[in-house]
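All remarks here apply to the structure that follows.
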Amino acid sequence: MRGQEEQLDSIADVLRELRFELERLDGTIQDQRKLVSQVSDVNAQEQSGGGTELLRDVPENGGSAQAEVAVEDGASKGHENA
């Protein structure tokens, strides 16, 4: 009977260690998710920054072209002659 108790105690110790390691790994994963989310937010802000101009219908003969200017919220400011 004593040998079984020692085995059970040993198993319980291993399970406690395993639980501790799983909780530590879960914390690491959560930290990485936060970091990825922050990087994604920064990248999205950089991509949506105003001032991007998209030229459309540029004539080959060097005439005027229409430009659509993106604003910070992603909407277009309208068409301007370039």
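Laboratory data are not the source of any read-out in this text; all were calculated from the coordinates shown. This one's a predicted model, so the numbers in the text were calculated from it and none came from an experiment. For neighbour counting, all protein chains shown are included, and Cβ atoms are generated from backbone atoms with ideal geometry for every residue, glycine included.
Of note:
- Summarising the label geometry, the points placed 7 Å from Cα in the beta-carbon direction at D26 and R2 lie 3.8 nm from one another.
- Karplus-derived HN-Hα couplings along the stretch 13-30 (A = 6.51, B = -1.76, C = 1.60, θ = phi - 60°), whole Hz, x at Gly and Pro: 4, 5, 5, 5, 5, 5, 4, 4, 5, 5, 5, 5, 5, 4, x, 4, 4, 4
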